Structures are given as C-alpha cells and as structure tokens.
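Q: Okay, handing you the structure first.
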Amino acid sequence: MKVLFIVQGEGRGHLTQAITLEEILRRNGHEVVEVLVGKSNNRRLPGFFNRSIQAPVKRFLSPNFLPTPANKRVSLSRSIIYNLMQLPVYFRSVCYIRRRIRESEADLVINFYELLTGLTYFLFRPSVPQISVGHQYLFLHRDFDFPDKDSFSLLMLRFFTRLTCIGAKEKLALSFRPMEEDNDAHISVIPPLLRREVLCCEPTDGDYVHGYMVNTGFGDSIVQWHKQHPEIPMHFFWDKPDEEDVYQPDDTLSFHQLDDEKFLRYMAGCRAYATTAGFESVCEAMLLKKPLLMVPVHIEQDCNAYDASRNGAGIVSDVFDVDRLLDFAQKDYQPEDDFRRWVRSCERKILNSIEAVEGIGLVNDYRLAYE
C-alpha cells in the first residue's frame, strides 16, 4: 500500500510521530511515498527530521500560532489576525495538497493534525481515504476530562481539532492510558507513537535538569533561576535560529538547538525534566521514569499537562519553577510501571486500527518489533 503523510510542522511531536509511523509501515511491507510538512515563516524544520524520514519531504505554508511579545504563551488575537491576512497563501497550499494527493497515487492519506488537510477534504473531497492521527483527537472523545480553563478557549480547541479531521474515516487518538473506543465519534484510542530509540533507551540517574521550551522567551527565567543555583547543571533545548548550536551562559547551563538524538540522550540521563507540555516529550519522560514539570503555553498544552498530572507523571506550573520540580522529584514522584506496557502495544494497535478502516489486510504478516 502507498501512503502519503501530511504533517503539522510546529514543535517536534508530530514530526517524531511521523518518523515512527513510517518505520512501522515500512517494516510491515508498505511504502510512504511522500511527506508534506506544513511550515511557517517563524520556525525551521529540525534537521533530525530530514535525517530520519526516508520518503521525500515537501513543504507548504500553513497556519501557525504566534507567541505574545514576551515569546512565552500563545497570543490568540495575534494568531487570528496574522492567519486571516494569509488566507490567499493558505488557499494555494490547499490546492498544492490536493495536487500532491492526486499525483502521488497514494492509496491512503495519514494526517498528523494539519489544518489544511481538513480544509482540502472539505473543499475538494479527494477520493483517497484519510486517517487523522494525534493526541488532540482525544479532546473529541466523550470520556475525556478537561482542566478547569476558559470555556471559550476549550470550545475553540475542539472546533479547531474538528477542522483538522474533516473527511477522516477514523481518528486515532494517542493517549497516556487506555480508554474505551468512541464509536459515535469514530475515535480509536491508541498508545503514543514513540520511536524505537526511546523504547530501547536505558535511563540513568544523572545530576542535571533537562528541559525543552517551544517558545524561547522562557530562556530568561531559566537564566535567572540558574544564577541562584549555579551548582545544578542544566541542559535546555529550544528552537532559536539566530543562536549557535550550543549557547552556554556559564559552565553549568547550556541551551541546545533542537536535535532529536542529542535530546533523547540528555533525557535518558537527567535528574528531572521541565517542558512546555508537548505531548511527545511528556510521554518520553514518563517512559523513562523522569519526574516532570509542565509549563503549558496554550490551551492544548493545558489539557496535556492536566491529563499527565492526573496520571501522576508530574506537576503543572505557569513558570519554570525548578525548585518545585526538584522537590517533587525527591518527595512525591511515583513512576508508573504500566505505561511502558501500554506504549509497547502501539504497533499492533495502530496497524489493527488502520486495517479496520481500510480492510486491506495490513496486519496479516506484521512483525512486532517491540514485543
């Protein structure tokens, strides 16, 4: 079977999910013919993605969220105004996606939460079936519990999520834990799509704090905290194009450009992990049994952080309060042993879900590399 991927390119989560699913499909005799990645002018595609993905990668301009002037949380008003001004550009991207679906001769489109995929299926109704993959589809599940946040923001999150999956025959919702299927909403709940490198990784107990910030404005608060605690080594990752590969304000604080192999190496050996609550890195920390501090930057990450904290993975804060993280790591953190078993069932479950949608016998001869 020939598969076309369409990937929302913000952050690293959807990108690593695409890498993992390509490996699974290829291992089971299928071909990913092309990967289309939605890009913005504010971020660059991380080098690890081009190095890891095997299919040809093509890019198109796609809507994105803009940060506040302090470059910390997302500014909804700035994002709406900016993206409305770009509508002619996005319409050309929709036409481009439609053309690539046709010219790639794909049998199936797998959409990783890219808004313009849903709009392509709304406007042009391609005959090629589509499956939407992402943890965000759990927000449409009847049993998902939301945090006590602004109701309008939650309404807009669900509305945006519905737009991304227009035309999808099935929505595969990545989840921290097993949940019942929601057949009325066509949602199948599956484990996180984590890379083989993560599953094979052996964690160790290091002395440093590891971190990832999707918006670089948090860097100043990390520097200020570190000035009060220079004895604690810290390695944070960010996406700041105008900085060198490693920026070191002093001997025990380093800011690294996003590199997935390097990121995972530091994750495996850290004492604790602080993050802006992206689903992917939260899952990696849970798998490697690292205590978490989650600092959400938009409503979606508010939901991620709330869901993960309910599973005992970590604590939630409005700022990178490393003191709280270290206190939690020492006194309260209890790693979840069942999470690894749930993650290791991913290959079988996702292949079964795709087979159920398409009826094309994907799993007749699959090889479960992780079991």
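Nothing in this text is a laboratory measurement; each read-out follows from the coordinates by a stated rule. What you see is a predicted model; the values in this text were computed from it and never measured. Glycine gets a Cβ as well: all are built from the backbone with ideal geometry, and neighbour counts include every protein chain shown.
Q: For the Cα atoms of the chain, what angle does the longest principal axis make with the long axis of helix 151-164, in degrees from 0 to 90, nearest 10?
A: So the helix axis and the longest Cα principal axis differ by about 40 degrees.
Q: Please identify, among Val189, Val128, Val209, the residue showing maximal mean-square fluctuation in a Gaussian network model of the chain using a 10 angstrom Cα cutoff.
A: In this elastic network of the chain, the residue with the biggest mean-square fluctuation among Val189, Val128, Val209 is Val128.
Q: Next question, about the same structure. So for Val357, Val32, fewest C-beta neighbours within 10 Å to most, what's the order? Please report the intermediate quantities before stating the final value.
A: Working: Val357 19, Val32 22.
Lowest count first: Val357, Val32.
Q: Find, among the GluC sites (Glu not before Pro) in the stretch 222-260, those assigned to loop by DSSP (not H, G, I, E, B) with at most 13 other beta-carbon atoms within 10 angstrom. Kindly include the intermediate steps, with their values, before the conclusion.
A: Values: sites: Glu231, Glu243, Glu244; in loops: Glu231, Glu243, Glu244.
Passing both the DSSP loop test and the Cβ count: Glu231, Glu244.
Q: Quick one: work out the % antiparallel among DSSP beta bridges in the chain, nearest 5.
A: On the way: 5 of 53 bridges.
If we restrict to bridges inside the chain, about 10 percent are antiparallel.
Q: If you don't mind, another one. Out of Phe160, Ile190, Ala173, whose Cα points farthest toward the positive end of the dipole of the stretch 150-224 (charges: +1 Lys, Arg; -1 Asp, Glu; placed on Cβ)?
A: Going by the charge dipole, the pick is Phe160.
Q: Relative to the longest principal axis of the chain, what angle (0 to 90°, nearest 10) does the C-alpha long axis of helix 76-85 take?
A: For 76-85 against the chain, the angle is about 40 degrees.
Q: Considering only the other residues whose Cβ falls under 13 Å of the Cβ of Arg99, what net charge follows from Lys and Arg at +1 and Asp and Glu at -1? Display every interim value, and only then the final one.
A: Working: positive: Lys58, Arg92, Arg98, Arg100, Arg102; negative: Glu34, Glu103, Glu105.
So the environment of Arg99 carries a net charge of +2.
Q: Here is a further query. What shape does the stretch 197-336 take by its C-alpha gyration tensor, where a ≥ b ≥ c are the square roots of the eigenvalues and a/c under 1.5 counts as rounded, a/b above b/c as prolate, and the rest as oblate? Intermediate values should be presented prior to the final figure.
A: Values: a/c = 1.31, a/b = 1.26, b/c = 1.04.
Verdict is rounded for the stretch 197-336.
Q: Same structure again: For Lys58, list the lysines whose Cα falls under 19 Å from its own Cα; do not include residues on the same chain fewer than 8 positions away.
A: Within reach: Lys2, Lys39.
Q: Also, I was wondering about something else. Pick from Glu103, Glu284, Glu197: which is most flexible by mean-square fluctuation in a GNM of the chain where alpha carbon atoms under 10 Å apart are linked?
A: Glu103
Q: Could you run the Karplus curve 6.51 cos²θ - 1.76 cosθ + 1.60 with θ = phi - 60° over the stretch 331-343 and give me ³J(HN,Hα) per residue in whole Hz, x for Gly and Pro?
A: 10, 10, 6, 10, x, 9, 6, 6, 5, 4, 5, 4, 5
Q: Based on Cβ point charges of +1 for Lys and Arg and -1 for Asp and Glu, what charge dipole magnitude is obtained for the chain about its Cα centre, in debye rounded to the nearest 20? Working shown, then result.
A: On the way: 44 positive and 52 negative charges, 262 e Å.
Using Cβ point charges on Lys, Arg, Asp and Glu, the chain gives about 1260 debye.
Q: Helix 115-124: angle to the longest alpha-carbon principal axis of the chain, degrees 0 to 90, nearest 10?
A: Between the helix axis and the principal axis of the chain, the angle is about 10 degrees.
Q: Also, I was wondering about something else. From the helices alone, meaning DSSP H stretches of at least four residues, give me the mean residue ellipticity at 222 nm for the chain, per-run term -39500 (n - 2.57), in deg cm²/dmol to the nearest 500. Please report the intermediate quantities before stating the final value.
A: On the way: 14 runs with 146 residues, N = 371.
Per the formula, -11500 deg cm²/dmol.
Q: More than 37 Å apart: what percent of Cα pairs in the chain qualify? Don't skip to the answer; put the middle values down first.
A: Details: 10873 of 68635 pairs.
Summing the P(r) tail past 37 Å for the chain gives 16 percent.
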